[in-house]
Amino acid sequence: MNEFCLEIRSANKSFPGVKALDQASFRLRKGSIHALLGENGAGKSTLIKIITGVHKQDSGKLFINGKEETLNNPNDATKFGISVVHQERNLIRRFSVGENLMLNNLPKTPLGLIDYDEITIKSKKWLEMMDLDIDPKTVVSELTVAKMQLCEIAKALSLKAKILLLDEPTSSLSPQESENLFTLLKKIVRDEGVSIVFVSHKLEEVFNICDDVTVLRDGENACTSEDIKNLDRQKLVRLMIGRDEQIVKSARKIKNAKDTILALRNVKTELGHRNIDLELNRSEIIGLYGLVGAGRTELMKCLIGQDKITDGDVIVNGKKVTINSPKTALEKFKIGYISEDRKKEGLILIHNVLDNTSITVWSQIRKAFGFVSDGMIANKVDSYIRQLEVKTPSNYQLISNLSGGNQQKISVAKWLAAGTDILIIDEPTVGIDIKTKAYLHELIIKLADNGTSIILISSDMPEMISLADKILVMKDFQMSGIVENDHDYDAVSSKIMEFIHT
Amino acid sequence: MNKKIPNFIFTNQFGLLCLVLIFIVIFSTVTDGFTSRFNIFALSRVIAIDIMIGLAMMVVILTGGLNLALGAIGVCAAMFGGWCMEVLEIPIIPSILLMLGMGSFLGWINGFITVKTGVHSFIVTLATMSIYFGFMTMLTEAEAFRRLPELFTDFGSAKLFNKYISPLLLVSVATCFVLFYVFRFTDIGRKLIAAGANPEAAELSGISVNRMFIYCHVLSGFLGALAAILLTTRIGAAIPSMAGQLGMDWLLPAFLAPVIGGTLLSGGKLSVFGTMLGAVLVTLLTNGLYLLDVGEFWIRFFLGIILLMAVLLDRTREYFTLRKVIVS
């Protein structure tokens with residue numbers, strides 16, 4: 001009778017100091033794929049946590065299959081067939097695929113021991129249903145990131161999930177892998193009658209696979225369960241950020257085409273890179289594109305001396321050099337690296353804004369006996385914190401209390417403060433909302449225009465094509481080709497894909 | 001931008017200060033002799049050493065590690081100093097410098113092994129504790145050095161401020177101020193803290209984390225030797241058993257002071273004056289209970305309970321980090 005398998009009516013939820021949800025509503029049609037959109041901090045995660053029973057709404061009602069229900073904990077949600085696949089992997093890496101799939105429901109022999117044959121048979125069923133060609137006995141850590149993602153979905157289905165929540169499932173997948181995932185999602189919706197809630201920052205994907213859209217902005221509905229056919233990209237962006245999207249002007253002109261600041265010649269590394277050649281000119285943005293596991297981040301870590309280069313030449317400003325640590329890279333050659341993993345490698349979460357932004361400049365600004373005061377630091381970095389419009393109540397706020405976008409701004413700001421000549425930027429906009437993303441894009445272009453040379457690693461094809469001057473494609477720890485970027489999306493992207501698949 | 005330094009009232013140190021005052025009031029009313037000149041002087045000598053031991057452990061906890069060999073390093077430094085002064089007849093000041101050098105060197109060995117092998121400092125220092133102590137016992141044949149220069153031992157029994165306070169306490173408090181300065185106002189101190197908080201991020205931000213970790217261990221050895229010097233002047237001799245079997249008597253006060261004082265066990269956040277107050281609190285408590293005729297074993301029991309409670313506090317602190325300054 002009721003076509004909605006899940007409905008939330010006027011939910012409110014407050015946390016100390018913030019109203020996370022303000023009269024938010026949400027309706028999921030049976031057998032549909034429903035996009036849940038919004039910038040970071042708009043209340044998406046809170047809504048998901050209410051649906052999965054992690055949080056309880058302060059007021060408002062929740063209906064499952066037309067009946068009002070209360071979810072007190074995640075187990076309740078599981079009982080109703082609600083399952084969530086998080087951005088973070090929830091598989092046990094040292095267990096086999098089969099063990100992971102059956103973990104909540106391990107088959108036992110009459111003696112009470114685990115029945116491994118039965119695990120293989122049962123899990124095989126779920127893997128086949130998803131057209132996954134994986135041996136259930138494979139250890140999870142040997143799978144690619146994409147396969148792990150698919151296994152998580154298989155695991156969710158094995159729990160008899162009827163409502164599946166996917167939180168940014170494609171953030172670490174290549175376009176091809178995402179495409180495969182979408183085919184599968186459509187298949188399970190059609191064949192198994194599953195309904196899917198899909199959270200993503202990539203609007204292309206939303207238009208590709210979703211039927212309905214709900215947009216949250218500052219905890220309120222900007223639109224509720226709208227049919228996607230009534231919307232286009234422009235409208236959707238306006239709903240999300242409350243204004244039109246600023247499209248980054250892409251066609252940059254490089255002034256002096258030949259002013260090589262960094263070159264790698266036939267480089268080999270201890271991590272397995274070989275025959276790596278690379279040339280970076282002043283004021284140039286070169287992109288490193290490749291699938292996850294192509295060795296891009298690893299190559300950059302070798303360049304800054306975190307891991308070793310075993311053969312070949314590194315040439316900075318025309319001179320052959322050896323860079324044996326990030327400290328040398330920064331202090332001697334002014335090379336900086338903005339990590340893709342800002343929480344683990346980029347920032348110190350338990351320290352404040354001021355300390356995080358200034359970590360790269362302490363050696364520069366110290367006086368006699370190493371004296372460095374907060375005042376001296378603020379003098380040095382305040383302008384960058386303000387220039388990047390970091391939203392923080394004070395410079396003494398802990399980084400862990402900032403939103404993802406603002407954290408990313410801090411991890412950029414500390415390298416601006418360091419005054420680098422060469423900046424390596426690794427996946428700058430993963431998990432970042434559209435507004436901050438556009439801002440960071442403009443910033444990267446401005447930096448390059450002002451003389452910084454940039455190596456950009458990104459798996460986001462539109463981002464790569466709108467920013468890079470030339471694109472190096474990597475595959476299996478080798479360079480597989482160079483594409484001069486004329487910013488013609490279709491032509492350039494197909495050239496890139498060719499290099500990846502040859 | 002408003003630069004509001006959080007109110008002192010909300011800090012951990014203020015809470016500790018209140019506790020210290022409360023215990024002072026309680027003990028001076030319910031016991032005889034707590035406020036006597038003799039007792040306060042004795043307290044000040046014990047507090048001085050406990051502060052120093054606490055600081056020595058604090059600087060390694062900063063790296064997210066620990067130094068079980070602290071007591072062994074202290075005893076080694078003391079015995080080495082005793083040998084220098086008594087057998088080699090080296091003057092006091094050079095002897096003291098040699099003792100500090102010995103402590104630093106033993107700390108360096110800990111740090112070097114920890115960094116190069118990547119093994120947790122728990123295992124490394126457990127091993128070196130045994131090695132240092134065993135080696136020392138072998139060389140000294142477990143004989144004490146009891147004929148130290150008078151000037152040296154006089155320092156430990158000297159009385160200041162109307163004979164209430166030992167000069168040893170001044171040394172410890174001065175050390176606190178120096179450390180506070182280093183961690184709060186120098187680039188090297190900030191780097192030590194950053195390296196302890198998130199080694200990966202610090203390394204990629206151009207800090208040599210390995211070198212910082214070695215510095216921390218060296219500093220720990222240095223402060224351990226300093227504590228041993230204070231202890232040697234206090235008891236007037238260098239004795240192999242001055243810190244118990246394998247130097248383990250130092251471990252409980254060494255962990256209690258920093259953990260109570262607000263130093264994060266996972267590293268990257270410390271409190272110099274918190275450690276000082278922690279040491280004061282623990283010593284007061286022990287002393288007061290002694291005066292109340294509570295048995296030795298009960299006191300150990302209580303100290304163990306306090307350490308567990310402090311660790312619990314440490315866990316909650318990690319989740320609800322509200323304090324905004326990293327050094328205080």
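One residue is enough: does the range A:401-411 have a residue meeting the conditions at the interface with chain B (Cβ under 8 Å from one of its Cβ atoms) and touching a helix residue (DSSP H, G or I) at 6+ places or on another chain (Cβ under 9 Å)? Steps first, please.
Start the filter on the range A:401-411 by keeping residues that are at the interface with chain B (Cβ under 8 Å from one of its Cβ atoms), which leaves none.
Taking every residue of the range A:401-411 in turn, none turns out to be at the interface with chain B (Cβ under 8 Å from one of its Cβ atoms) and touching a helix residue (DSSP H, G or I) at 6+ places or on another chain (Cβ under 9 Å).
Restricting the search to the range A:412-451, which residues are at pLDDT 90 or above and among the hydroxyl-bearing types (S, T, Y)?
A:T420
For residues that are within 14 Å of B:S271 (Cα to Cα) and in contact with a Cys (Cβ under 9 Å, 6 or more places away or on another chain), scanning just the range B:167-219, find the one that is farthest from the other protein chains (Cβ to nearest Cβ).
Filtering the range B:167-219 for residues that are within 14 Å of B:S271 (Cα to Cα) and in contact with a Cys (Cβ under 9 Å, 6 or more places away or on another chain), the one farthest from the other protein chains (Cβ to nearest Cβ) comes out as B:L192.
Being hydrophobic (A, V, I, L, M, F, W, C) and over 24 Å from A:I64 (Cβ atoms) is the filter here, so list the residues in the range A:189-231 that pass it.
At the first step, the residues of the range A:189-231 found to be hydrophobic (A, V, I, L, M, F, W, C) are A:189, A:194, A:196-199, A:203, A:206-207, A:209-210, A:213, A:215-216, A:222-223, A:228, A:231.
Result: A:L203, A:V206, A:F207, A:A222, A:L231.
Return the total of residues in the range A:332-354 being out of contact with any helix residue (DSSP H, G or I) (no Cβ under 7 Å at 6 or more places or on another chain) and without any contact (Cβ under 8 Å) to a residue 12 or more places away in the chain.
2
Can you tell me which of (1) more than 11 Å from chain A (Cβ to nearest Cβ); (2) of a type outside the set (V, I, T); (3) in a helix (DSSP H, G or I) is the one B:S241 doesn't meet?
(3)
Go through the range B:117-154 and give me each residue that's of a type in the set (S, T, N, Q) and touching a residue at least 24 places away in the same chain (Cβ under 8 Å). I'd like the intermediate steps shown before the answer.
Step one: of the range B:117-154, the residues of a type in the set (S, T, N, Q) are B:117, B:121, B:125, B:128, B:130, B:137, B:140, B:153.
Of everything in the range B:117-154, those that are of a type in the set (S, T, N, Q) and touching a residue at least 24 places away in the same chain (Cβ under 8 Å) turn out to be B:S121, B:T125, B:T128, B:S130, B:T137, B:T140, B:T153.
Six or more apart or on different chains, Cβ atoms under 6 Å: show the pairs whose first residue is in the range A:306-331 and facing chain B (nearest Cβ under 8 Å) and in contact (Cβ under 8 Å) with a residue 12 or more places away in the chain and whose second is in a helix (DSSP H, G or I) and surrounded by fewer than 17 Cβ atoms within 10 Å (Cβ to Cβ).
Final answer for the pair search is none.
Considering the range A:274-288 alone, what residues qualify as being part of a strand (DSSP E or B) and either modelled with pLDDT under 90 or over 18 Å from the mean Cα position of the chain (by Cα) (or both)? Outline the logic, then answer.
Going residue by residue through the range A:274-288, those that are part of a strand (DSSP E or B) are A:276-281, A:285-288.
The answer is A:I276, A:D277, A:L278, A:E279, A:L280, A:N281, A:I285, A:I286.
Are any residues in the range B:235-271 closer than 30 Å to B:W83 by Cβ, surrounded by fewer than 20 Cβ atoms within 10 Å (Cβ to Cβ) and not β-branched (V, I, T), and if so, which ones?
B:G236, B:A237, B:S241, B:G244, B:Q245, B:M248, B:D249, B:L252
Where residues in the range A:415-451 are within 20 Å of the chain's Cα centre (by Cα) and in a loop (DSSP other than H, G, I, E, B), which of them is farthest from the other protein chains (Cβ to nearest Cβ)?
Ranking the candidates gives A:D433 first.
Restricting to the range B:263-293, and then to whatever is of a type in the set (S, T, Y) and away from chain A (no Cβ under 13 Å), can you tell me which residue is farthest from the chain's Cα centre (by Cα)?
Pass one, the range B:263-293, residues of a type in the set (S, T, Y): B:263, B:266, B:271, B:275, B:283, B:286, B:290.
Subset that is away from chain A (no Cβ under 13 Å): B:271, B:275, B:283, B:286, B:290.
Values: B:S271: 13, B:T275: 8, B:T283: 13, B:T286: 17, B:Y290: 22 Å.
Here the answer is B:Y290.
In this structure, does A:I82 turn out to be at pLDDT 85 or above and out of contact with any Pro (no Cβ under 7 Å at 6 or more places or on another chain)?
Numbers: at pLDDT 85 or above: yes; out of contact with any Pro (no Cβ under 7 Å at 6 or more places or on another chain): yes.
It is true that A:I82 is at pLDDT 85 or above and out of contact with any Pro (no Cβ under 7 Å at 6 or more places or on another chain).
Considering only residues of the range A:54-95 that are surrounded by fewer than 22 Cβ atoms within 10 Å (Cβ to Cβ) and among the small types (G, A, S), which is nearest to A:P169 (Cα to Cα)?
Checking each candidate, the answer is A:G81.
Say we look at the range A:383-400 and pick out the residues that are within 11 Å of chain B (Cβ to nearest Cβ) and crowded, with 17+ Cβ neighbours inside 10 Å; which of these is nearest to B:R184 (Cα to Cα)?
A:Y396
Could you grab me the full set of residues in the range A:171-188 that are closer than 16 Å to A:H34 by Cβ and in contact with a Leu (Cβ under 9 Å, 6 or more places away or on another chain)?
Here is the first cut: in the range A:171-188, the ones closer than 16 Å to A:H34 by Cβ are A:182, A:185-186, A:188.
Of everything in the range A:171-188, those that are closer than 16 Å to A:H34 by Cβ and in contact with a Leu (Cβ under 9 Å, 6 or more places away or on another chain) turn out to be A:L185, A:I188.
Checking A:T360 against (1) more than 9 Å from chain B (Cβ to nearest Cβ); (2) at pLDDT 90 or above, which test does it fail?
The failed condition is (1).
One line per residue, one yes/no per condition, for (1) loosely packed, with under 13 Cβ neighbours inside 10 Å; (2) away from chain A (no Cβ under 14 Å); (3) in contact with a strand residue (DSSP E or B) (Cβ under 6 Å, 6 or more places away or on another chain):
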| site | (1), (2), (3) |
| --- | --- |
| B:L21 | yes, yes, no |
| B:F34 | no, yes, no |
| B:G64 | no, no, no |
| B:I73 | no, yes, no |
| B:L88 | yes, yes, no |
| B:L100 | no, yes, no |
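Might you let me know whether the range A:292-302 holds any residue that is within 14 Å of another protein chain (Cβ to nearest Cβ) and without any contact (Cβ under 8 Å) to a residue 60 or more places away in the chain? Spell out the reasoning first.
So the first thing to find is which residues in the range A:292-302 are within 14 Å of another protein chain (Cβ to nearest Cβ), and the list is A:297-298, A:300-302.
Applying the additional criterion that residues be without any contact (Cβ under 8 Å) to a residue 60 or more places away in the chain yields A:301-302.
So far as the range A:292-302 goes, yes, one or more of its residues are within 14 Å of another protein chain (Cβ to nearest Cβ) and without any contact (Cβ under 8 Å) to a residue 60 or more places away in the chain.
If I filter the range A:328-354 down to residues being in contact with a Lys or Arg (Cβ under 7 Å, 6 or more places away or on another chain) and of a type in the set (A, V, I, L, M), which single residue comes out as nearest to A:N406 (Cα to Cα)? Before the answer, list the steps.
Step one: list which residues in the range A:328-354 are in contact with a Lys or Arg (Cβ under 7 Å, 6 or more places away or on another chain), which gives A:349-350, A:352.
Next cut, of a type in the set (A, V, I, L, M) only: A:349-350.
Working: A:L349: 12, A:I350: 15 Å.
Checking each candidate, the answer is A:L349.
If A:Y337 satisfies all but one of (1) aromatic (F, W, Y); (2) out of contact with any strand residue (DSSP E or B) (no Cβ under 6 Å at 6 or more places or on another chain); (3) closer than 17 Å to A:L416 by Cα, what's the number of the condition it fails?
The one condition A:Y337 does not meet is (2).
Filter the range A:450-502 for residues that are over 18 Å from A:E177 (Cα atoms), buried (at least 18 other Cβ atoms within 10 Å of the Cβ) and β-branched (V, I, T) and give the result.
A:T452, A:I454, A:I455, A:I457, A:I465, A:I471, A:V483, A:V492 - these are the residues of the range A:450-502 that are over 18 Å from A:E177 (Cα atoms), buried (at least 18 other Cβ atoms within 10 Å of the Cβ) and β-branched (V, I, T).
If we scan the range B:246-262, do we find a residue that is outside any helix (DSSP H, G or I), among the small types (G, A, S) and within 30 Å of A:R342 (Cβ to Cβ)?
Keep residues of the range B:246-262 that are outside any helix (DSSP H, G or I), which gives B:262.
Cutting the leftovers down to among the small types (G, A, S) gives us B:262.
From the residues that got through so far, the ones that are within 30 Å of A:R342 (Cβ to Cβ) too are B:262.
Yes, the range B:246-262 has at least one match.
What do you reckon, is A:V412 assigned to a loop (DSSP other than H, G, I, E, B) and touching a residue at least 24 places away in the same chain (Cβ under 8 Å)? Give the derivation first.
Values: assigned to a loop (DSSP other than H, G, I, E, B): no; touching a residue at least 24 places away in the same chain (Cβ under 8 Å): yes.
Judged against the criteria, A:V412 is not a match.
Exactly one condition in (1) assigned to a helix (DSSP H, G or I); (2) in contact (Cβ under 8 Å) with a residue 12 or more places away in the chain; (3) under 27 Å from the mean Cα position of the chain (by Cα) is not met by A:A378; state its number.
So A:A378 meets the others, but not (3).
The values are calculated or read from the model by the stated rules, or taken from the named source; none is laboratory data. Predicted model, so just to flag it, every value in this text is computed and none were measured. All Cβ positions, glycine included, derive from the backbone under ideal geometry; neighbour counts span all protein chains shown.
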